[in-house]
Amino acid sequence: MTEEEKEREAEKLFVLFDRMEKNPVLSMKSGNDDKAKTPMEIMREKLERGDLEDDSKDDKAKDEEERRDEQEALADFKRYKERTAKK
């Protein structure tokens, strides 16, 4: 993923967390505990601390795996077409 795509995905997550935070049915706060944190607060703290890990290495491995899977699927499809064309 490019940095721009990562930013867009992060923005989507924050919007979803915000909606979840405002929805009383889905609220993660429990009881009268004033110290309970919402998902948005938890994510904000992680961002400030720098706890969010860099997945760029994982992304490269996933991209390579997806490329291999696609090549394998195309080869399987080609063999299937050859098999069915002879009949």
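The values are calculated or read from the model by the stated rules, or taken from the named source; none is laboratory data. Quick caveat: nothing in here was measured; it's all calculated off a predicted structure. Ideal geometry is used to build each Cβ from the backbone, glycine not excepted, and the neighbour counts take in all protein chains shown.
For beta carbons closer than 8 Å, sequence separation of 6+ or different chains, a first residue in the stretch 1-12 that is under 22 Å from PRO39 (Cβ atoms) and in the same structural domain as LYS46 (by TED's automatic domain parsing) and a second that is at pLDDT below 90 and part of a loop (DSSP other than H, G, I, E, B), the qualifying pairs are GLU9/MET1.
Taking only the stretch 46-87 into account, find how many residues are β-branched (Val, Ile, Thr) and at pLDDT 90 or above.
Step one: of the stretch 46-87, the residues β-branched (Val, Ile, Thr) are 84.
Filter once more, keeping what is at pLDDT 90 or above: none.
Within the stretch 46-87, residues that are β-branched (Val, Ile, Thr) and at pLDDT 90 or above number 0.
Each row is one residue, and each column tells you yes or no for (1) part of a loop (DSSP other than H, G, I, E, B); (2) of a type outside the set (Gly, Ala, Ser); (3) farther than 23 Å from LYS60 by Cβ; (4) modelled with pLDDT of 70 or more.
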{"position": "GLU7", "(1), (2), (3), (4)": "no, yes, no, yes"}
{"position": "ASN32", "(1), (2), (3), (4)": "yes, yes, yes, no"}
{"position": "LYS35", "(1), (2), (3), (4)": "yes, yes, yes, no"}
{"position": "MET40", "(1), (2), (3), (4)": "no, yes, yes, yes"}
